[in-house]
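The values are calculated or read from the model by the stated rules, or taken from the named source; none is laboratory data. Owing to the predicted nature of the structure, the values given are computational and were not obtained by experimental measurement. Note: ideal-geometry Cβ built from the backbone for every residue, glycine included; neighbour counts use all protein chains shown.
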Amino acid sequence: GAVVSQHPSWVICKSGTSVKIECRSLDFQATTMFWYRQFPKQSLMLMATSNEGSKATYEQGVEKDKFLINHASLTLSTLTVTSAHPEDSSFYICSARDKQGGYNEQFFGPGTRLTVL
Amino acid sequence: AQSVTQLDSQVPVFEEAPVELRCNYSSSVSVYLFWYVQYPNQGLQLLLKYLSGSTLVKGINGFEAEFNKSQTSFHLRKPSVHISDTAEYFCAVSDRSSGYSTLTFGKGTMLLVSP
């Protein structure tokens, strides 16, 4: 199957700093990428959907100015957590698929563990 | 709006015993259904999916699931589990209202296999 990578796999930062997480599709072109957030022992919650070359679509309740998403190329999307605070500590997972609309499987990255001190 | 209910947060079983993980969904339109497995500190791996056709779907690692439209269920089963099946299992739904483009996940079921 297709491979999606995330970098870094874990990060610890101080409160008030910004953190960037990268999501890459390694062997296919991802026209759409998704960003999820997972709290301990809970399900994945979709944060936003990004299509290459256009602005991301955020789910209700997700702050656009806090979670900046950029999908500048067909193989890379980035999530920047700005002015991070301890409540932003979570497991962030991205997924990617290579077709807009209709069904095409989402391939998931391994996740990034963010801890804000 | 689509939603998924996984009634069991945790299912303990002994090795080589059969197991069923329950999943019910809510949607007013046609759906696609999925089961994913997540090992600790890892992303999700697709076990199997139902898009159309036969209601009995076979997946990887010996898992299968049956789509029951009348009961709006998609329970996951395995006739004989291994220690290595210990993981978190998520049921997910995608429906026509979203153009089948987004996934809604259940809260997950932790499968604990003991020797």
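Looking only at region A:41-59, which residues are modelled with pLDDT of 85 or more, in contact with a Lys or Arg (Cβ under 8 Å, 6 or more places away or on another chain) and surrounded by fewer than 21 Cβ atoms within 10 Å (Cβ to Cβ)? A:S43, A:M45, A:Y58 - these are the residues of region A:41-59 that are modelled with pLDDT of 85 or more, in contact with a Lys or Arg (Cβ under 8 Å, 6 or more places away or on another chain) and surrounded by fewer than 21 Cβ atoms within 10 Å (Cβ to Cβ). Counting the residues of region A:13-35 that are more than 13 Å from chain B (Cβ to nearest Cβ), under 23 Å from A:D65 (Cβ atoms) and more than 10 Å from the chain's Cα centre (by Cα) gives 7.
Just one of the numbered conditions (1) among the aliphatic types (A, V, I, L, M); (2) surrounded by fewer than 17 Cβ atoms within 10 Å (Cβ to Cβ); (3) under 13 Å from the mean Cα position of the chain (by Cα) is not true of B:V4: (2). Would you check if there is a residue in region A:88-111 being over 21 Å from B:N41 (Cβ atoms), in contact with a Ser or Thr (Cβ under 8 Å, 6 or more places away or on another chain), of a type outside the set (A, V, I, L, M, F, W, C) and at pLDDT 90 or above? No: region A:88-111 contains no residue that is over 21 Å from B:N41 (Cβ atoms), in contact with a Ser or Thr (Cβ under 8 Å, 6 or more places away or on another chain), of a type outside the set (A, V, I, L, M, F, W, C) and at pLDDT 90 or above.
Please work out if A:F67 is over 21 Å from A:V11 (Cα atoms), surrounded by 15 or more Cβ atoms within 10 Å (Cβ to Cβ) and aromatic (F, W, Y). When the stated conditions are applied, A:F67 does not pass them. Among the residues of region A:41-52, those that are more than 11 Å from chain B (Cβ to nearest Cβ) and in contact with a Ser or Thr (Cβ under 9 Å, 6 or more places away or on another chain) comprise A:S50, A:E52.
Checked against (1) more than 14 Å from the chain's Cα centre (by Cα); (2) surrounded by 19 or more Cβ atoms within 10 Å (Cβ to Cβ), A:T78 passes all but condition (1). When B:L33, B:L56, B:L46, B:L51 are checked against the criterion of being farther than 24 Å from A:Q42 by Cα, within 12 Å of chain A (Cβ to nearest Cβ) and of a type outside the set (S, T, Y), B:L51 stands alone in meeting it.
Please specify each residue of region A:59-94 satisfying the condition of being part of a strand (DSSP E or B), farther than 16 Å from A:A30 by Cα and hydrophobic (A, V, I, L, M, F, W, C). Passing the criteria: A:F67, A:L68, A:V81, A:F91.
Across region B:78-103, the qualifying residues are those that are facing chain A (nearest Cβ under 8 Å) and buried (at least 22 other Cβ atoms within 10 Å of the Cβ), and the one among them that is modelled with the highest pLDDT is B:F90.
Considering the conditions (1) touching a helix residue (DSSP H, G or I) at 6+ places or on another chain (Cβ under 9 Å); (2) of a type in the set (A, V, I, L, M, F, W, C); (3) facing chain B (nearest Cβ under 10 Å), A:V81 is excluded by exactly one of them, (3). Of the strands (runs of 3 or more DSSP E) lying entirely inside region B:53-103, those containing at least 2 residues that are free of Cβ contacts under 8 Å to residues at least 12 places away in the same chain and within 17 Å of A:E105 (Cβ to Cβ) span B:56-58.
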